[in-house]
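Bear in mind these aren't lab numbers, they're just calculated from the coordinates by the rules spelled out. None of the values given here were measured: they were computed from a predicted structure. Every residue, glycine among them, receives a Cβ derived from its backbone with ideal geometry; neighbour counts consider all protein chains shown.
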Amino acid sequence: MRDFLDVAHKLWQLDKFREYEDDFRRVFNGIASLQLVHSKSQLDITNIESVFAAFEMGKLLNKFPNHNKREIIGLNNSIRILISKTIEKTIKFLIFQKVIMPPEPYKDFVDLIVFLNKKARPQHTVSVITFNYDLSCDYAFAHRGIRPNYSLRKESNTDEIPLLKLHGSLNWAFCPQKKTIVSWNLEEYFKSHSALLNNEKYVYLPISSQLGEFKYDGNFVKPEPIIVPPTWNKTSQQIQLSNVWARAAKELGESENIIVIGYSLPESDYFFKYLFSLGSVGNTVLERFWVFDPDNSGGVKRRFQNLLGTGAIARFSYFEKSFEQSILLLTKEFS
């Protein structure tokens with residue numbers, strides 16, 4: 001969401017986050033302090049990823065404009081709260097005949113994946129790699145009776161469809177007793193939260209706010225979701241998320257078709273550049289490297305062209321299309 005911070009600020013002004021008033025105020029005061037850097041450098045303080053990265057770097061350097069060490073740590077905690085609460089208040093799940101429906105167009109997206117897995121000729125093994133924290137895709141899988149494979153552990157079921165969330169997820173938490181990141185599967189979540197269906201038209205999923213209720217193997221988890229900053233240095237989660245990243249690299253290396261939807265490849269994202277460069281090494285012959293993004297400035301297309309080697313660039317195509325439009329085109333192409 002390109003206007004994420006604007007949406008968060010508007011909801012805050014509308015008093016939607018009364019319980020988290022201090023956190024939202026702390027984040028936006030921190031953003032205001034970042035204006036001081038413009039005298040010597042450029043920083044996009046309207047972009048959530050750029051701001052999150054700046055807060056994280058400030059924590060690593062123990063240096064941030066007008067903030068002491070304790071306040072810098074508070075910034076990092078508060079921006080994670082802002083992200084999770086804003087997502088929960090902006091993604092609406094419609095209710096139809098007492099059934100919670102996936103947000104559009106995720107139902108069609110999962111329908112396409114199921115088609116590719118089961119009905120397409122030739123059949124395709126599909127995996128999903130995403131930087132999103134939200135549960136739209138997760139719930140679309142659950143709605144179809146499919147449990148996605150997050151690959152949080154090495155012994156994860158290889159028969160399930162991989163949903164690899166490289167920056168974390170609102171339904172992931174850290175279990176101190178097991179010393180690992182665990183997921184609260186949505187089918188289990190709804191068993192204890194069926195009251196959500198009492199709403200007549202739509203519902204929001206406040207799962208990150210309810211993580212304090214979740215037990216894994218009889219043990220309570222830490223009551224905050226795993227939200228990893230979009231920076232190269234992810235040391236605090238490196239061990240716990242390394243299985244997810246390794247599985248993503250494996251999938252990239254074995255892919256005949258790489259389809260990118262709605263990811264703009266920002267210049268600062270060295271993590272993905274190295275993940276792709278090293279992970280895509282393999283013996284598989286690439287048939288397609290397609291990128292779908294509504295950007296019409298040429299910037300997204302150019303950044304991907306600069307990323308790709310000669311073999312991949314020969315298979316590269318850029319489509320100036322939205323998520324919904326990309327699903328229609330891909331369904332037609334693989335049919």
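Of note:
- Cα gyration tensor shape for the stretch 67-133, rounded if a/c is under 1.5, else prolate or oblate: oblate
- Prolate is the label for the stretch 1-104. Its Cα gyration tensor axes, ordered a ≥ b ≥ c, give a/c of at least 1.5 and a/b above b/c.
- Loop-located trypsin sites (Lys or Arg not before Pro) in the stretch 101-158, at most 10 other Cβ atoms within 10 Å (DSSP): Lys119, Lys154
- Part-to-part distance (alpha-carbon centres) for the stretch 1-44 and the stretch 143-197, which is given in Å: 30 Å
- Normalised alpha carbon radius of gyration of the stretch 255-335 [divisor 2.2 N^0.38 Å]: 1.08
- Across the stretch 160-167, rounded Karplus estimates of 3J(HN,Hα) from the backbone phi angles (6.51 cos²θ - 1.76 cosθ + 1.60, θ = phi - 60°) give 7, 6, x, 10, 9, 9, 5, 10 Hz, Gly and Pro being marked x.
- Cα gyration tensor category, rounded, prolate or oblate, for the stretch 91-247 with a/c compared to 1.5: oblate
- With neighbours defined as other Cβ atoms within 10 Å of a residue's Cβ, the residues Met57, Met101 order from fewest to most as Met57, Met101.
- Projected label distance in nm at Thr284 and Ser194, using a 7 Å step from Cα toward the beta-carbon: 4.1 nm
- Calculated [θ] (222 nm, deg cm²/dmol) that DSSP helices of n ≥ 4 give over the chain, each run adding -39,500 (n - 2.57): -12500 deg cm²/dmol
- Residue pairs, from the table Lys118/Lys201; Lys10/Lys215; Lys118/Lys178; Lys154/Lys179, whose Cα atoms sit over 25 Å apart: Lys118/Lys201; Lys10/Lys215; Lys118/Lys178
- Per residue convex hull volume, Cα atoms of the chain, in Å³: 155 Å³
- Computed from backbone phi with θ = phi - 60° and the Karplus coefficients 6.51, -1.76 and 1.60, the 3J(HN,Hα) list for the stretch 309-321 is x, 5, x, 6, 5, 5, 9, 8, 9, 10, 10, 7, 9 Hz; x is used for glycine and proline.
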